[in-house]
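The values are calculated or read from the model by the stated rules, or taken from the named source; none is laboratory data. Note that the coordinates shown come from a computational prediction; the quantities given were computed from them, not determined experimentally. Counting neighbours? That spans all protein chains shown, and the Cβs are built from the backbone with ideal geometry, glycine included.
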Amino acid sequence: MLSNSCRYGIRAIIYLAGKAPDHKTGIKQIGADLNLPAPFLGKILQQLARQKILKSMKGPNGGFSIMKDPGTITLYDIVIAIDGEDTFTDCIMHDGPCRCIDRTKKPCPIHDDYGRIRSELTELFRNRTILDLVQKASNTDQITI
């Protein structure tokens with residue numbers, strides 16, 4: 001459902017949000033700590049920096065840090081920044097928007113069922129903040145980022 005880019009971005013933001021507010025972490029360190037490929041992760045994090053979710057500083061003391069308050073960044077914000085709105089609008093079977101978005105399309109066989117799931121997913125992503133996830137991750141040994 002979410003691209004690898006999006007999943008990596010979410011993991012990296014949770015990781016960075018768990019650091020001190022102005023702490024900068026280099027891409028190699030983030031990649032090593034999260035066991036993610038640094039070059040690919042670097043492109044994702046630059047994309048999030050362009051969207052003003054992360055700060056990016058170049059140089060020997062540079063790195064990435066959270067730009068916004070983690071309590072104001074939602075999963076929805078990250079998905080939109082990386083994957084776009086397609087996750088929340090496209091039909092699961094057809095290319096392009098679902099019939100609930102584009103009434104000229106014929107509904108797919110699972111339109112009604114998926115429409116309900118999509119609504120619940122959208123609501124979940126809009127209401128779950130990065131701060132929620134950081135707190136949940138720090139309160140349990142079962143969650144890894």
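Quick test for you: out of I30, I73, I44, pick the one residue that is modelled with pLDDT of 95 or more and under 15 Å from I130 (Cα atoms).
I73
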| note | So the helices (runs of 4 or more DSSP H) completely within the range 1-56 holding 2 or more residues that are surrounded by 15 or more Cβ atoms within 10 Å (Cβ to Cβ), of a type in the set (D, E) and touching a His at 6+ places or on another chain (Cβ under 9 Å) are none
